[in-house]
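Read the figures in this text as sums done on the coordinates, not as results from a lab. This one's a predicted model, so the numbers in the text were calculated from it and none came from an experiment. Heads up, the Cβs are rebuilt from the backbone with ideal geometry, glycines too, and the neighbour counts pull from every protein chain shown.
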Amino acid sequence: MSELNSTAEDVTVNRPESIMTVTWSDRHQSSYSFALLRSICPCAYCDTGKHGGPARDEAAIRPADFKDIQVQRVEEVGHYALRFVWSDGHDSGIYSYEYLRTRCGCDQCKKRFL
């Protein structure tokens, strides 16, 4: 795995397009659909099966199951993460910038970080 640049320089939330774009300090841009972000929620309930939620099977992540869920609000957590308030009422996931960078779906990042 190559060294990870997870310093976000700019975060843009485009509600009409249901996309969030992050520009990293190395000038790379990553785009994430709201459906993808909601489907990869890293909170204890969604990710690990703790607190009564089912353990997530990475191969079974289906962003299409979340296509109608929208971001109501985005909050910065320190200088290392984002927290989303979703239209389905969920709001406990803290998405570190490092986590988001490893979830970039472009071909370049898939080769570097997977």
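Quick notes
- Length added when fully stretched, residue 72-residue 103, from 0.36 nm per residue minus Cα-Cα: 9.0 nm
- Sites residue 92 and residue 65, calculated FRET efficiency, Cβ-Cβ separation with R0 25 Å, nearest 0.05: 0.85
- Part-to-part distance (alpha-carbon centres) for segment 71-99 and segment 24-38, which is given in Å: 13
- Semi-axes of the equivalent ellipsoid for segment 8-113, computed as √(5λ) from the eigenvalues of its C-alpha gyration tensor and ordered from largest down, come to 21, 16, 14 Å.
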